[in-house]
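The values are calculated or read from the model by the stated rules, or taken from the named source; none is laboratory data. As the structure is a prediction and not an experimental result, all values here were calculated from the model. Cβ sites come from the backbone with ideal geometry, for glycine too, and all protein chains shown count toward neighbours.
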Amino acid sequence: MAVVGSGPSGFYAAEALLERDPTAVVDLFDRMPAPYGLVRSGVAPDHQKTKRVQLVFEGIARSDRVSFLGNVAIGVDVTVEELSRHYHGIVLATGAAQPRPLGIPGETLHGVYSAFDFVAWYNGNPDQRDLAFDFSGENAAIIGHGNVALDVCRILASPADRLRGTDIAHHALEAIKDSRLRQISLIGRRGPAQAKFSLPELKALGDLEGWAIEVKELEAIAGESQALSENQRRIVESLHKLQAKASPANGRRIVIRFLEAPVALIGTDRLEAVHLRRPHLVGEPYLEPCDLLLYSAGFGGVAVPGVPFCRATGVIPHRDGRVIAEDGATVPGRYVVGWIKRGASGTIGTNRGDSNATIDAVLADRPALMRRDLLPSGALMRLLSARTQVVGFDDWLHIDAAERTQGTRHGKPREKFTRVREMLDCALSRHAPGVRTSPA
C-alpha cells in the first residue's frame, strides 16, 4: 500500500495496516524531506509535550514493513496513475493546507496574513520561510476562536526569553523579539458556547506574564449559562478567571471579543484598522485600530492531480473512506484519511479512529485489491531516483540528529533546517562526508 502524506493520519493509517494485516507492506510518501506533517510544522513550539507523539510515529516508521519516501511530490515527481501500477491501493493523507479567506474588502493589504502561514513560518516550514511579518505596530487582531488562534496569540505575546528554549525557528525568534505590540484582540463572530478553543489552551493564555486579559460583553454572555453544557460552562468560568487576572502596569492587554465579525479591512498601502460589527448585540459598527491581522477562518485541502476533489468543501469526496468520482462511483484502490477526508477538525488523536475507519474499507476490499497485477519490485525507485532525490527514513534520522545537535548548542530541543536544499544536503552528507550538515 502507498500512503501519501506522513502526518498523523498517514502514520495512523500505516499503523492500522501493520496491526491488522500481517502481510501488509506500506510506503509513506511526503513532498517534504521531513515526516510528521503538522506535528512538526503546526504544533506550537512551546508545546513540546504534544510533539512527543513523533516518537510513536518513529516507531511505526522503523518497522521493516514500512518505508519512508520523502521529497517526493505526488503529481509532480510521480503521478497517482503511475503510483497505482506499483501498489494494490493508495491512501491519501494530504491534510488541509489551504487557508480559507475572510472574503471581505482589504484582505490584500500589507499587514494581513493567514494564521496558518504565520504558524508555519515560526515553526520553520520551508514553504513559508521567506515570508516577512511586521511587528512594528502596537495593535494586532486575530480573527478566529479556535486553538490555532490561541496559539498565535500566545506566541505573539510571549517574551523572547520564554521562546528561546523552544524549537521556534531562529528567523522567527529574531523578528518577534523586537515586537512593539501592546494590544492583541481575539475576535470571533460567535459566543463562547461555539468557540473551538480548549480549556488547556485558555489556561495557557492565562499563564502569560505581563499582559492583562479583558473579555468583552462577558456578563451578558454569561447570563445565558443555564443553556450551556458542562464543558461550555467551564469555558465561561475560565473566561471569568482570565478577566480577574491582575493587570500589569505596562498597559499591555489581550482583548477577547465575542459576537463580533470583521466586515472590511481599512488602509491605503497597509492595514490601519478593522471594521467590526456586532450581529447579535445592540450597537453600531465601529473601527478598531489594527497594524497586524492574522485570520484563522478554517482550512481546506489542496487538490491532488488525478484525484476527485470538491473545491466547495476542500475535501476529497468519499464513501466510508473510499474515494468517489463525480458520478458517485467508487474509484477502485483509492482511499482517503484525515483532514483531506473530513475537513480540518479534531485533535492529533482524532486521526487514529478516522484512519482505522478507512482501513476497515481497505481490508474489506483486500481480495479485489490483491488481484491487481503490479510492476516489478524496484521499478518505482528507479523511476523516482531519476526525477528527484528521495529521502529515506535513515536519511531523515541523519537530518534529525543534525537539527538536535545544532539545537543543543543554543539550549533548544532542535534548530530546524528551514530550506529543503539544506535538508537534502544534510541527507547527502551521510554518503558524502564534508557536506555541511548544520542549519544556517
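One table, with the values for the structure above:
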| item | result |
| --- | --- |
| Every residue from the stretch 344-365 that is of a type in the set (D, E, K, R), surrounded by 15 or more Cβ atoms within 10 Å (Cβ to Cβ) and assigned to a helix (DSSP H, G or I) | 352, 354 |
| Among (1) surrounded by fewer than 19 Cβ atoms within 10 Å (Cβ to Cβ); (2) basic (Lys, Arg); (3) closer than 26 Å to residue 131 by Cβ - the single one residue 49 does not satisfy | (3) |
| The stretch 298-333: number of residues that are surrounded by fewer than 14 Cβ atoms within 10 Å (Cβ to Cβ), without any contact (Cβ under 8 Å) to a residue 12 or more places away in the chain and either assigned to a loop (DSSP other than H, G, I, E, B) or aliphatic (A, V, I, L, M) (or both) | 5 |
| Filtered residue count, the stretch 295-328, keeping only those that are more than 24 Å from residue 88 (Cα to Cα), among the aromatic types (Phe, Trp, Tyr) and out of contact with any Leu (no Cβ under 6 Å at 6 or more places or on another chain) | 1 |
| Members of the stretch 162-194 that are of a type in the set (Asp, Glu) and either under 23 Å from the mean Cα position of the chain (by Cα) or modelled with pLDDT of 95 or more (or both) | 167, 174 |
| Candidates 73, 93, 97, 61, filtered to the one that is of a type in the set (A, V, I, L, M, F, W, C) and modelled with pLDDT under 95 | 97 |
| Of the criteria (1) modelled with pLDDT of 95 or more; (2) in contact with a Phe, Trp or Tyr (Cβ under 7 Å, 6 or more places away or on another chain); (3) in the same structural domain as residue 29 (by TED's automatic domain parsing), which one residue 399 fails | (3) |
| Criterion violated by residue 168 - all others in (1) assigned to a loop (DSSP other than H, G, I, E, B); (2) surrounded by fewer than 20 Cβ atoms within 10 Å (Cβ to Cβ) satisfied | (2) |
| Residues located in the stretch 147-163, provided they are surrounded by fewer than 20 Cβ atoms within 10 Å (Cβ to Cβ) and either in a loop (DSSP other than H, G, I, E, B) or not assigned by TED's automatic domain parsing to the domain that holds residue 253 (or both) | 159 |
| The stretch 48-75, subset assigned to a loop (DSSP other than H, G, I, E, B) and in contact (Cβ under 8 Å) with a residue 24 or more places away in the chain, residue farthest from residue 8 (Cα to Cα) | 75 |
| The stretch 381-396, subset under 30 Å from the mean Cα position of the chain (by Cα) and of a type in the set (A, V, I, L, M, F, W, C), residue farthest from residue 422 (Cα to Cα) | 381 |
